[in-house]
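Structure first, commentary second.
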Amino acid sequence: MSAPGALPIFHVVGFSGHRAVGDPAAVARTLASILESLRRELSGEWIALSSVADGSDQLFAREALHQGHAWQAVLPLPPAEFSRDFSTDGWGQVEALLARAEHVRVVAESGNREDSYLDCGMETVDGSDVLVALWDGEPARGKGGTAEVIDYARRLNKPVVIIDAGTLDLRRENFDRLPRTDAALRHLNHLPAHLGAGDNPFKAPNAIFAFQQKCDHEASRNAPHFRRLIVGTVLLHVLATLVAAASLAYSLHWLVLPWLKLLCLIGAGAVAIVLRRHQTHHGWVQGRLAAEFCRSALATWGLPRTAPLFEDLEVAAVRGLTRSLHILHLRDTAKSPVSMDEFRRTYLEKRIEDQLGYYRRQERRSLPLFSRLKFGFWISTFIALVSTLAYAVCRTMEAPVPHPIVEAVFYFAPIGMPVAAAAFISLISINDLQRRVARYREMQHILTESQSRLHYCRTWNSLQRVVLRTEHALLQEVLEWHSLTTFTESH
């Protein structure tokens with residue numbers, strides 16, 4: 001890692017190619033030059049990703065390992081089934097190669113064989129920043145062939161390096177789409193260290209814990225309180241409307257009133273401009289998202305197998321971060337084993353109970369505000385209805401009414417109270433109170449159930465299932481929050 005509290009930036013180069021290779025030594029030299037070129041072009045660590053079919057797949061894996069790259073294997077089928085495609089000696093070579101893989105992932109546990117090979121090729125493309133392909137230019141001779149994999153990569157506008165299988169000439173495609181750096185992770189890496197970081201209860205590497213702590217501290221420190229700013233614009237508009245309504249209802253012609261209305265509207269406009277240009281909002285959202293994703297990764301660090309926390313999450317803002325956390329966890333899993341009892345105790349205390357306490361506090365803060373604003377809406381609506389009804393009845397019956405009542409009840413209230421009711425509803429919506437209260441209660445229910453299940457888990461498999469279910473629920477809440485706050489930022 002480049003600095004204390006910084007995470008490495010990883011890039012992935014995937015491979016697809018034919019089994020039949022005319023000149024293996026020449027192909028290996030070509031692959032070596034491509035890998036070296038990519039290493040020079042982009043800073044960070046490159047990881048190789050491929051299957052281990054006969055021919056070019058194995059050439060690529062061996063060349064990547066020879067150059068010192070980590071290599072991850074993607075298998076179309078479980079090893080016992082995949083081995084049927086090899087001779088006894090050939091499978092022995094595959095097993096020796098797989099033993100050097102940093103990680104082995106099986107794409108399909110069962111199903112049609114050709115479908116599994118196609119899925120394996122697509123999985124390689126999905127997991128790569130750049131695809132290298134050895135291709136003869138001919139259509140695929142079966143499902144999952146190299147031509148289909150290249151076509152899929154092109155449809156995704158994925159950067160591709162095509163090696164002509166006959167001449168070994170190289171052709172690059174879509175390299176203008178290759179991100180030269182991960183700006184979000186680079187920004188987070190350069191945040192100042194948080195000196196007041198607490199203990200690291202999950203036995204994760206100190207650098208990762210320090211990274212999470214500084215992201216959390218920065219997000220808390222720079223929260224722009226955008227909801228308060230939006231509330232300010234609403235209240236200033238309401239005040240301007242009430243001043244105008246009072247001027248009409250009470251026939252007020254004071255010189256100060258139009259200036260007061262003007263100041264309210266200018267103030268509302270100024271707050272709106274501040275909201276639009278407030279750069280700290282983006283930094284706050286980015287820091288909070290990173291902190292919570294790191295918190296989830298840290299909470300699963302002691303599991304004996306790396307938890308697939310982020311496999312089905314596609315969030316551009318944290319793509320580099322989640323990749324870095326996943327790879328670092330892969331490399332650290334076997335180094336810091338903890339007992340099941342210790343992991344369960346730590347997870348219950350530092351994750352479940354901590355999150356339960358958070359959601360309970362948030363509900364206690366949100367529910368009274370929600371109740372007060374809802375009460376204000378109904379009172380304002382009721383007054384508006386009664387005053388309008390009174391005005392209609394008195395006008396119809398031509399009943400004499402004192403002038404002060406006419407001004408207050410007949411003129412001011414029918415204008416001012418609907419505006420006040422709309423303001424109360426706006427404040428509920430701005431603070432997202434209805435959804436938040438419901439969500440806080442739902443999360444407490446999920447966490448309480450997880451707490452009960454964890455107490456009865458007696459195996460690592462059952463424990464990991466409960467932990468993953470819990471973390472996915474917590475991450476889903478974070479992503480929902482991210483969508484709402486990002487939408488607010490864009491408007």
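The values are calculated or read from the model by the stated rules, or taken from the named source; none is laboratory data. What you are looking at is a predicted structure, and each value in this text was computed from that prediction instead of being measured. No Cβ is skipped: glycine too gets one built from the backbone with ideal geometry, and neighbour counts run over all protein chains shown. Surface areas here come from the heavy atoms of the whole protein model, side chains and all, with no ligands, DNA or RNA. Shrake-Rupley method; radii C 1.70, N 1.55, O 1.52, S 1.80 Å.
Between Arg453 and Arg228, what FRET efficiency follows from the Cβ-Cβ distance if R0 is 60 Å, with the result rounded to 0.05?
Details: r = 39 Å, r/R0 = 0.65.
Computed FRET efficiency for Arg453 and Arg228: 0.95.
Around Gly44, under 14 Å between beta carbons, what's the net of Lys plus Arg minus Asp minus Glu among the other residues? Write down the numbers at each step before the final one.
On the way: positive: Arg39, Arg40, Arg180, Arg186, Arg319, Arg323; negative: Glu41, Glu45, Asp129, Asp182.
Here the count lands on +2.
Within straight cross-link reach of Lys350, meaning Cα distance under 25 Å, which lysines are found once same-chain residues fewer than 8 apart are removed?
Output for Lys350: Lys203, Lys214, Lys335.
Check every DSSP H run in the chain and write down those whose alpha carbon atoms cover 30 angstrom or more along the long axis and whose mean Kyte-Doolittle hydropathy is 1.0 or greater.
226-249, 256-277
Please list log₁₀ I(q)/I(0) at q = 0.13 Å⁻¹ for the stretch 1-136, using the Debye equation with identical point scatterers on the alpha-carbon positions.
Computed log10 I(q)/I(0) values: -0.55.
With a Förster radius of 22 Å, plug the Cβ-Cβ distance of Val406 and Leu252 into 1/(1 + (r/R0)^6) and report the FRET value to the nearest 0.05. Numbers along the way, then the final one.
Values: r = 15 Å, r/R0 = 0.67.
For Val406 and Leu252, the calculated efficiency is 0.90.
Count charges around Asp164 for me, please; just the other residues with Cβ under 14 Å from its Cβ, Lys/Arg as +1, Asp/Glu as -1. Don't skip to the answer; put the middle values down first.
Numbers: positive: Arg171, Arg172; negative: Asp23, Asp136, Glu138, Asp169, Glu173.
Local net charge: -3.
What's the ranking of 87-100, 179-192 by average number of surrounding C-beta atoms within 10 Å, highest first? Intermediate results must be reported in sequence, preceding the final value.
Values: 87-100: 12.8, 179-192: 15.5.
Highest to lowest by the protection proxy: 179-192, 87-100.
Using Rg/Rh (Cα atoms, Kirkwood Rh) as the read-out, say which of (1) 1.14; (2) 1.03; (3) 1.08 was calculated from these coordinates.
Comparing each candidate, only (1) matches the computed number.
List the residues, sorted by chain then number, that are 5 or more residues from Leu7 or on another chain and whose placed amide H is less than 5 Å from its amide H.
For Leu7, whose amide H was placed from the backbone, there are no distant partners under 5 Å.
Round to the nearest 0.05 the FRET efficiency obtained for Arg171 and Glu45 when R0 = 25 Å and r is the Cβ-Cβ distance.
Values: r = 26 Å, r/R0 = 1.04.
So the FRET efficiency works out to roughly 0.45.
Once you sort the root eigenvalues of the Cα gyration tensor of the stretch 254-378 as a ≥ b ≥ c, which label holds: rounded (a/c under 1.5), prolate (a/b larger than b/c) or oblate (the other case)?
Note, shape of the stretch 254-378 comes out oblate.
Scattering from the C-alpha atoms of the stretch 307-379 alone, worked out with Debye: what is log10 I(q)/I(0) at q = 0.23, 0.25 1/Å?
So the normalised log intensities work out to -1.05, -1.07.
Sort all Cα-Cα distances of the stretch 379-418 into consecutive 10 angstrom bins from zero, then give the percent of pairs in each bin up to the one containing the longest distance.
All Cα pairs considered, the percentages come to 34, 55, 11.
Using a 7 Å offset from the Cα along the Cα-to-Cβ direction at both Val393 and Glu480, what is the distance between the two label points in nm, to one decimal?
4.5 nm
Once amide H atoms are built 1.01 Å from N in the peptide plane, which residues 5 or more positions from Val132, or in another chain, come under 5 Å H to H?
Here Gly14, Phe15, Ser16, Val161 satisfy the definition.
Figure the gain on full extension for Arg84 and Ala438 (residue separation times 0.36 nm, minus the Cα-Cα span) and round it to one decimal in nm.
Here the segment from Arg84 to Ala438 would lengthen by 122.1 nm.
When the chain is fully extended, how far beyond the present Cα-Cα distance does Ala140 get from Arg180, taking 0.36 nm per residue of separation? The partial results should precede the final answer.
Values: separation 40, 0.36 × 40 = 14.40 nm, distance 3.18 nm.
That pair, Ala140 and Arg180, stretches by 11.2 nm at full extension.
With labels modelled as points extended 7 Å from the Cα through the Cβ direction, what inter-label distance (nm, one decimal) is found for Arg113 paired with Asp332?
4.2 nm
Leaving out ligands and nucleic acids, note down the accessible area per residue over the chain with a 1.4 angstrom probe, in whole Å². Please list the in-between numbers first.
Working: 24970 Å² over 491 residues.
So the chain comes to 51 Å² accessible per residue, rounded to a whole number.
Nearest 500 deg cm²/dmol is fine: what mean residue ellipticity at 222 nm does the chain get from its DSSP H runs of n ≥ 4 alone, each adding -39,500 (n - 2.57), divided by its residue count? Walk me through the numbers on the way to the answer.
Details: 17 runs with 297 residues, N = 491.
Calculated mean residue ellipticity at 222 nm is -20500 deg cm²/dmol.
Order of 310-317, 298-305 by packing, highest average Cβ count within 10 Å first? Don't skip to the answer; put the middle values down first.
Working: 310-317: 12.9, 298-305: 20.8.
Answer by packing, highest mean first, reads 298-305, 310-317.
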